[in-house]
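The values are calculated or read from the model by the stated rules, or taken from the named source; none is laboratory data. Worth saying up front: this structure is predicted, and the values here are computed from it rather than measured. A quick note on method: Cβ atoms are made from the backbone with ideal geometry, for glycine too, and the neighbour counts reach across all protein chains shown.
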Amino acid sequence: MSSPISSVRMKRRPLLAAMAIAPLAGAIARAPAVHAQDPLVVTMVTDTAGLGDQNFNDLAKRGLDQAVAELGVQGEVIESRDAASYIPNLTQSAEQSDLTVGVGFLLTEAITEVANQYPDDNFLLIDAVSEAPNVQGVLFREQEGAFLSGVLAGLMTESNQLGVVGGIKIPPVVRYAVGFEAGARSVNPDVEVVVAYADTFSDPALGKELTLAQYNQGVDIAFPVAGLTGVGSFDAAKELGEGYWVIAADTDQSQLGAEHQLAVSEKGVDTALFQAAQQVVEGTFEGGEQSLGLAEDGVGLGNPHESVPQEVLDIVAAYEQAIIDGTITVPSNEEELAAFEPVPIDAIATPVATPSA
């Protein structure tokens with residue numbers, strides 16, 4: 001069987017290398033010359049959850065902080081209080097910045113409009129692509145990392161009931177949800193996965209309510225993919241106590257309740273932002289699309305709880321390798337999930353030879 005969980009965890013430095021050599025479509029957006037006394041400005045514009053979501057926006061801010069520390073850029077943040085503020089916020093950023101970062105799928109239309117108005121400026125869009133040639137759109141194959149989370153949950157559940165709490169039903173969230181279910185079904189034919197959407201990324205009270213409802217229906221492992229809303233899933237687990245688990249999405253959230261975090265379905269939002277800033281500093285920034293999954297170390301499974309047995313981690317690692325090798329194609333939407341045939345472990349693991357008599 002494959003190597004243990006250390007091979008599953010994200011490797012941020014290899015991801016930087018992979019992104020640096022990845023071919024990008026689109027025209028080169030020219031970066032201004034760098035002057036020591038006049039640092040480049042990188043501004044990230046959040047979605048409506050804003051900073052403090054302990055998830056997606058905070059993860060992007062980590063990449064910005066890294067760029068400030070390692071590249072010497074000036075980092076700025078503009079928080080979006082509502083969707084109507086996306087265009088004015090992005091416009092303000094374009095006026096003052098060498099790189100404008102739109103954090104999230106929900107900013108797609110706005111960043112396209114603003115980028116077309118500022119064709120000589122550089123824009124990074126996380127979780128979506130844009131028709132504007134000066135926007136670098138980074139997509140993550142969240143379904144691949146979520147599949148590993150589903151494998152883990154399918155093997156660790158005691159009730160055979162798993163739950164997903166989604167924020168808004170947009171493609172990145174759906175990719176997480178369907179990948180999770182495909183992984184769980186591959187190792188546990190008796191498992192049932194229930195999915196609920198909050199229709200918001202900024203309501204932890206609602207996240208707690210939805211998660212408690214799932215726990216009360218028999219779910220013992222919840223997978224919140226909901227930004228700040230997902231903080232409520234940890235609140236629900238802590239309220240009910242031992243035996244109720246959360247698999248965090250995007251980033252480690254053990255500060256919310258390490259005793260209830262089973263693992264993390266990681267996503268390199270911070271690394272994508274840092275790499276784009278580095279490209280602007282070096283004058284190599286290009287618009288176009290990138291897709292990052294397990295093979296590029298763009299997603300992964302990390303931070304397994306100490307209670308997870310090594311044999312479970314080995315099975316997770318075997319599935320990781322099968323996805324990288326192309327043996328398994330993980331569904332990315334509900335239609336593909338409906339057609340997906342679960343892949344049992346004996347279909348991908350190399351059997352151990354039996355000694356001859």
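Answer yes or no: is there a residue in region 117-131 that is surrounded by fewer than 24 Cβ atoms within 10 Å (Cβ to Cβ), under 16 Å from residue 172 (Cα atoms) and within 22 Å of the chain's Cα centre (by Cα). Looking for residues that are surrounded by fewer than 24 Cβ atoms within 10 Å (Cβ to Cβ), under 16 Å from residue 172 (Cα atoms) and within 22 Å of the chain's Cα centre (by Cα), one finds at least one in region 117-131, hence yes. Here is a check on your reading of the model: is residue 316 in the same structural domain as residue 54 (by TED's automatic domain parsing) and touching a residue at least 40 places away in the same chain (Cβ under 8 Å)? So residue 316 does not fit the description; no. On the stretch given as region 98-116, residues that are modelled with pLDDT of 95 or more and buried (at least 24 other Cβ atoms within 10 Å of the Cβ) total 9. For region 163-173, the set of residues classified as under 20 Å from residue 208 (Cα atoms) and either part of a loop (DSSP other than H, G, I, E, B) or of a type in the set (Val, Ile, Thr) (or both) consists of 164, 165, 167, 168, 169, 173, listed by residue number. So which of 287, 283 is closer than 30 Å to residue 121 by Cα and in contact with a strand residue (DSSP E or B) (Cβ under 6 Å, 6 or more places away or on another chain)? Criteria check complete, one pass: 287. Scanning region 33-72 for residues that are part of a loop (DSSP other than H, G, I, E, B), within 17 Å of residue 96 (Cβ to Cβ) and modelled with pLDDT of 95 or more returns 40, 46. Remark: pairs (first residue in region 330-351, closer than 15 Å to residue 146 by Cα; second residue among the charged types (D, E, K, R) and surrounded by fewer than 12 Cβ atoms within 10 Å (Cβ to Cβ); Cβ separation under 8 Å; 6+ apart in sequence or on different chains) are absent. Counted as qualifying within region 247-357 are the helices (runs of 4 or more DSSP H) with 1 or more residues that are crowded, with 22+ Cβ neighbours inside 10 Å and modelled with pLDDT of 95 or more, namely 269-282, 310-325. Looking across region 71-85, just one residue is touching a residue at least 40 places away in the same chain (Cβ under 8 Å) and in contact with a strand residue (DSSP E or B) (Cβ under 7 Å, 6 or more places away or on another chain), and that is 73. Restricting attention to region 132-161 and to residues that are assigned to a strand (DSSP E or B) and of a type in the set (S, T, N, Q), the residue that is surrounded by the fewest Cβ atoms within 10 Å (Cβ to Cβ) turns out to be 161.
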